[in-house]
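The values are calculated or read from the model by the stated rules, or taken from the named source; none is laboratory data. Nothing here was measured: the structure is a model prediction, and the numbers come from that model. Quick reminder, even Gly has a Cβ in these numbers, built from the backbone with ideal geometry, and neighbours come from all protein chains shown. Side chains are part of the model used for accessible areas, which takes the heavy atoms of the whole protein and leaves out ligands, DNA and RNA. Shrake-Rupley method; radii C 1.70, N 1.55, O 1.52, S 1.80 Å.
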Amino acid sequence: PWSCSGVVLSRRPGLVLCQGALFAPFLRDGPAAWARPRALPPDALQPCPRPLVLQPPARARSLDTLEARQSPAGGLRQHEARLLALVPCDAFQRALAQAFGDPEQWRFGAEAAGDGRPALHWFAWLRVPGLDRPAGGWTARAGAGGLRKGEGLVACGSPFGALCPDLFLNTLSSGVVSNLAGEQNALVLTDARCLPGTEGGGAFLPSPAGPRLVAVITASFCWKGTEWVGLTLLCSLDAILRSSTGTLEEAGVVVPAVLPVPAQAAAGHGQDALGWAALVECGAVWGSGVLLGPRLLLTCRHVVEAGVPPRLSLSPGPGRAAAGLGGRVVFAAEESSPFDVAVVELEEPVPGFVPPQPADTFLPGEEVSVVGFGALGRACGPSVTAGVLSAVVAVAGHPVMLQTTCAVHRGSSGGPLISSHSRRLLGIVASNTRDTSVGATYPHLNFCIPITILQPLVTHYCCTGDPSAFAKLNQAGEGVRVAWRLQRQPGPPSKL
């Protein structure tokens, strides 16, 4: 009944890497064993199980490729495997502590059953003689140190494990690198949607020479408090190999060097947009904002309504270091306004700032991304999530609300919504969706204020310095108020 996904790392000798938590029921010392700093040998398990490795039928491509395949029921190949060792990844454990902080706020995957977090940084090495190939070698890999937020990843795993493996084996999901933490990016967050059972599967970096394995899925679901984050937690393969080198050498296995990220992949989209986003903190209240000029920032009213002068933190970029800046609120929309907007003027200009270009049209279905400081924002800098523009709500022919499928979280309010192709600014995030009747948050349904509403007011303010230009946001007509009516009622949308 115990199963997880895995990745074939070598064909000479045949080696499979999977999640260590699979062996939790067999630990001689129980959960206390996960607190040990060194690898656990097979005799730490009692009895030591004999795992089976399942692969597609012989006529299909092998497990370590990303090609789609059909697997008729009963046609899977089975290989007996032997556990070499359970190995902790120290760099990943340190990155977990750095990124997620208070363990009481966060839950991961199987932790709902009480056994998740202590084993997150443990991985199992399996020797699988049936995978040996005379001309075999190591799977194409890439180091995570060169990953960039916003670049694409493909995840491959087998959801639901032993339940109908002929149907679910090696299911693919795509997403982007959402955030990074730890030395050499030992911890990677992606918005690729993975399901329970994919833990131990691989995350691959596309490249012209073919996909390269860059990380291993460690938790398909993350919660912060009662909020489902909707992101997948990955551990860098390079970090696992560094922690495992001594153990593998004792078994006679030499690990070749991991290649750096190919230059074509390292240029991932989203880098310019990181410089447009800022963390906005007003006392205990915090959120995101988007810079429209060297001293001008837009955010949401509810981010600055604490009455405390805002403090802004910017991501490091060309010509500037990560630093905090003071600011003053020059306009905040009335609470009765459907447009939850505030304007902040910075005390000092941002050096070398290149402002975003505003969009003037919106295409439902186009690929978009959101940059914001939700989830891990204060610990690891802004996150990037991707999706599509799912709907454009118009009143009298003018867009007044944008809906997207990007995963956004508490703390993302005021962050920029960007077209993935044109790189133009589409709007700012205002809220995601929360069903207050059951306490569930839906990060993949969110609402944004179109930049076409805000840009004329910003231009007028920049020319005149008169903040009364934004007073029009308080004078929205009844049609606009109806479109944003869920903000005014105790219904699904929630502030971020």
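At 1.4 Å probe size, with the rest of the protein present, what percent of the exposed accessible area of the chain is carbon and sulfur atoms? List each step's numbers first, then the result.
Numbers: 11250 of 20150 Å².
About 56 percent, which is the carbon plus sulfur part of the accessible surface.
Our coupling estimate for the range 29-38, obtained by passing each phi through the Karplus curve with A = 6.51, B = -1.76, C = 1.60 and θ = phi - 60°, is 9, x, x, 4, 5, 5, 7, 6, x, 10 Hz, Gly and Pro reported as x. Solvent-accessible surface of the range 273-346, averaged per residue with a 1.4 angstrom probe and all protein chains in place: 34 square angstrom.
Checking the a/c ratio against 1.5 first, then a/b against b/c, what shape does the Cα gyration tensor give for the chain? Walk me through the numbers on the way to the answer.
Working: a/c = 2.16, a/b = 2.10, b/c = 1.03.
Judged from the Cα gyration tensor, the chain comes out prolate (a/c at least 1.5, a/b above b/c).
In whole angstrom, how long is each semi-axis of the equivalent ellipsoid of the range 134-212, when you take the square root of 5 times every eigenvalue of its Cα gyration tensor and sort them from largest down?
Details: eigenvalues 101, 63, 26 Å².
Working from the Cα gyration tensor, I get semi-axes of 22, 18, 11 Å.
Suppose only helical runs count, i.e. DSSP H with n ≥ 4. What mean residue ellipticity at 222 nm does that imply for the chain under -39500 (n - 2.57) per run, divided by all residues and rounded to the nearest 500 deg cm²/dmol? Helix contribution divided over all residues of the chain: -3500 deg cm²/dmol.
In the chain, once you exclude exposed trypsin sites (Lys or Arg not before Pro) (DSSP loop, at most 11 other Cβ within 10 angstrom), what's the longest stretch remaining? Provide the component values of the computation, followed by the final result.
On the way: sites that count: R38, R59.
With trypsin sites (Lys or Arg not before Pro) excluded where exposed in loops, the chain gives 60-496 as its longest stretch.
3J(HN,Hα) couplings calculated from phi for the range 388-399 with the Karplus curve 6.51 cos²θ - 1.76 cosθ + 1.60 (θ = phi - 60°) are, in sequence order, 10, 6, 7, 7, 10, 9, 10, 10, 6, x, 10, x Hz; Gly and Pro show x.
Taken about its Cα centre, the chain carries a charge dipole of roughly 780 debye when the Cβ of each Lys and Arg holds +1 and the Cβ of each Asp and Glu holds -1.
Solvent-accessible surface of the range 377-488, taken per residue with a 1.4 Å probe and all protein chains present: 38 Å². Compute the signed sum of charges (Lys and Arg +1, Asp and Glu -1) over the other residues within less than 11 Å, Cβ to Cβ, of T232. So the surrounding residues net to -1. May I ask for the angle, rounded to the nearest 10°, between helix 90-100 and the longest principal axis of the chain, with both axes built from Cα atoms and the value confined to 0 to 90°? Taking the Cα atoms of the chain, the angle to 90-100 is about 30 degrees. Principal-axis analysis of the Cα atoms of the chain puts helix 451-464 at an angle of about 50° to the longest axis.
Compute the Cα gyration tensor for the range 366-495, then decide on rounded, prolate or oblate, letting a ≥ b ≥ c be the square roots of its eigenvalues: rounded whenever a/c is under 1.5, prolate when a/b is larger than b/c in the other cases, and oblate in all that remain. Note, shape of the range 366-495 comes out oblate.
Would you work out if the range 122-167 is rounded, prolate or oblate? Take a ≥ b ≥ c from the square roots of the eigenvalues of the alpha-carbon gyration tensor; rounded if a/c is under 1.5, else prolate when a/b is larger than b/c, oblate otherwise. Oblate, because a/c is 1.5 or more while a/b does not exceed b/c.
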